[in-house]
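> Dumping the structure here so I can ask a few things about it.
The values are calculated or read from the model by the stated rules, or taken from the named source; none is laboratory data. All of these numbers come straight from a predicted model, not from anything done at the bench. All Cβ positions, glycine included, derive from the backbone under ideal geometry; neighbour counts span all protein chains shown. SASA here: full protein model, heavy atoms, side chains in, ligands and nucleic acids out. Shrake-Rupley method; radii C 1.70, N 1.55, O 1.52, S 1.80 Å.
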Amino acid sequence: SVLTPRYLNSDWCGKEVAEFCKSTETSGGMVVDNKARVFKVLKAPVDSQEALPSIVQDVLGYEFFTYEDEAPLELDPAYGERYAQDYNRKVGKLAWDIAQMLKQLQSTGEAQPGGAPSNNTDDDAQPAAKATIYLAECSYDCKKTREILEGELKRHGYAVLPDQQLPRDEAEYVEAVERLLERCALSIHLVGDTHGGVPDGPTQKSVSQLQNELAAKRSKSHALRRLICLPDGTKSDQAPQQAFIDALHHDSDAQYGADLITGNLETLKTTIHTALRKMEQREEKQATAQDAGAGSARLIYLICDEKDRKATVPFRKFCRDQGFEITIPMFEGNAAAIREAHQQLMTDCDGVILFYGAGDEGWKRTLDNELKKMPCYRGDKPLLASGTYLAEPKTADKDDLIDMEEPGLINGLENFPEAALAGFFQVMNPDGAAT
C-alpha cells in the first residue's frame, strides 16, 4: 500500500487493504515469523492512518520522503542526484524485504491456497535468524543510517527490533521498549544533532534519551551489550540534545555497558559485526567449556601496570604452583588490539586481581571503573572471586585501603601474604578443580 492523503480518503483503497488482511486468515495469518505481510510505503507525510486496519497502522512504513527546512520533499530525481540515490536505496530495501517475505511464505507453505505445503527447495531461502538486536529509534537526521544498518543486519540473518510502531505515551513507550530489550543480545543507538521525537509524558525526554536509559538499565541488570554511535564533532543547537550529547561523553551512567563509536558508518558497521562475532564465539566457548566439564584449571586475570611486570613474577609462580592458570595484560601492540585482549580476558577469567604496585591512585581508580563493566562482557558467566593486591611502594592511598579494611584486600606490602591468598584460592576453587 502506497500511502498518500488521497489514498487514506479513498473508500475503495481502505476496503482493499482490509479485504487483504481478512483473506490472510485462511493462508497462514497476517503475521509470519513476527513480520507483517503488508508493506506500507509512505509517499508523503499523512496526518492520520485511522482509516487503515489496526495491524496495518502498527506496521513500520518505508518513508519515500525527507525534510528540508522542515518542509517534506518526496524522493524525486527532479530535486537532484541525492534524492535519486535515496529513492533507489529505498526501493532496493523494500524489494529485498518483500523477496524475503515471499521466500518465508513459500518455505512454510503459507503462501499457497488454503495453506497447502510448498514444494519449494530454493537453497537461497533466508536462513534462520540469529541474535535479536535492538536498533534504537532515532532522530530524523540519523534515519538514513538506521535504515542502512537495519537492511544489512537482516541480510545477515539477525532479527531487528522495534519491528512495529511504538506507543507515543511515555509510560506505555517505556514499557514497550523494556519488553523488546528483554529479547535482545545487543542494542545500537544512533545519536545526531537533533532532539528527535518526544513521547507524551512528564519527563519530556526524547526517544533517544529514553531508549539509552532503558538499555543502560538492562545492561546493569542483565549485561546487555551496547554500542552508541556519536560521530566526532556532533553538536546541537537544541539545549536538551546538547546536554544528552555531553552526558554520553562524560556521564558513566549514560555510557554504562556501551562502546562509544565516534567514526563514520563503515567504522560502525565493522564494530557491530565484530561485537556480534565475539558474542557468538563466546557462546560457542561457553558451550565447549560446559561440555569439557570442570577439569581444567581456573584462570586468574592479574591486572597490573607494565612497570610491575617483574614484581608480579613471584605471585604468578605461586598461583601456578597452586594449580591455577594466571595471565597479565597485553602491553605491546596497537591500542585497539590491547583493549580487545583486555576485554577478552575479563570475559574469560574465573577470578581477577588488581595488582596495585607502581600504578598511581588515578591508575587504580580508572581500573576500578573498568572492572565495574565486567558483567557487560561476561553475560551469564559468574566471576568467582576478585581482589586487590597491595605491593610496594607504600602510599597514602594504600594505607587508606588498609585502614578502611577494603573488601578483597590482599596486603603484600610487608610479607608475601600466603594466608590471605589461601582465602582467595578457596573461593576460586569451590569444587576442588585446582590443587
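> When Kirkwood radius over Cα pairs in Å is calculated directly from the model, which label among (i) 23.4; (ii) 22.6; (iii) 25.4 fits?
(iii)
> Still on this structure, please answer the following. What does the extension gain come out to for A422 and A243, with contour length at 0.36 nm per residue minus their alpha carbon separation? Each step should come with its number before you reach the end.
Details: separation 179, 0.36 × 179 = 64.44 nm, distance 4.89 nm.
Length gained between A422 and A243: 59.5 nm.
> Hey, another quick one. Would you calculate a helix-derived [θ] at 222 nm for the chain, using -39,500 (n - 2.57) for each DSSP H run of n ≥ 4 and dividing by the full residue count, to the nearest 500? Present the calculation step by step, with values, prior to reporting the outcome.
Numbers: 16 runs with 193 residues, N = 435.
Helix-only estimate at 222 nm: -14000 deg cm²/dmol.
> A further question follows. Keeping all protein chains in place, calculate the accessible area per residue for the chain (probe 1.4 angstrom), answer in Å². Each step should come with its number before you reach the end.
On the way: 23140 Å² over 435 residues.
Heavy-atom SASA per residue in the chain reads 53 Å².
> How many angstrom lie between the C-alpha centres of region 236-256 and region 295-361?
Their Cα centres are 34 Å away from one another.
> Next question, about the same structure. Accessible surface of T274 in the full protein assembly, 1.4 angstrom probe, to the nearest 10 Å²?
Its accessible surface works out to 40 Å², give or take rounding.
> Lys/Arg Cβ at +1, Asp/Glu Cβ at -1, dipole of the chain taken about the Cα centre: which of Q255, L276, L161 is farthest positive-ward?
Of the candidates, L276 comes out farthest on the positive side.
> So how do F416, F324 rank on accessible area, 1.4 Å probe, biggest first, that is with the largest at the start? List each step's numbers first, then the result.
Working: F416 80, F324 10 Å².
Result, largest first: F416, F324.
> Using heavy-atom solvent-accessible surface (probe 1.4 Å) with all chains present, what is the largest-first order of K269, K317? List each step's numbers first, then the result.
Numbers: K269 35, K317 105 Å².
Order by accessible area, largest first: K317, K269.
> Can you give me the % of accessible surface on the chain that is carbon or sulfur? Probe 1.4 Å, all protein chains present, nothing else counted.
Details: 11450 of 23140 Å².
C and S atoms contribute 49 percent here.
> Right, another one. Name the cysteines of the chain that stand alone by the Cβ rule: no other cysteine Cβ under 4.7 angstrom.
Cys with no partner Cβ under 4.7 Å: C13, C21, C184, C229, C304, C319, C349, C376.
> How many Lys pairs in region 1-115 lie less than 24 angstrom apart by Cα atoms, where the lysines are 8 or more positions apart or on different chains?
Close lysine pairs under the 24 Å cut-off: 17.
> Here's another thing I want to ask about it. Given 0.36 nm per residue, what is the gain on full extension from K317 to E178 after removing their alpha carbon distance, in nm? Write down the numbers at each step before the final one.
Working: separation 139, 0.36 × 139 = 50.04 nm, distance 4.73 nm.
Value of the extension gain: 45.3 nm.
> Among the lysines, which have Cα under 17 Å from the Cα of K381 when same-chain residues fewer than 8 positions away are ignored?
The qualifying lysines are K220, K278, K285, K372, K373.
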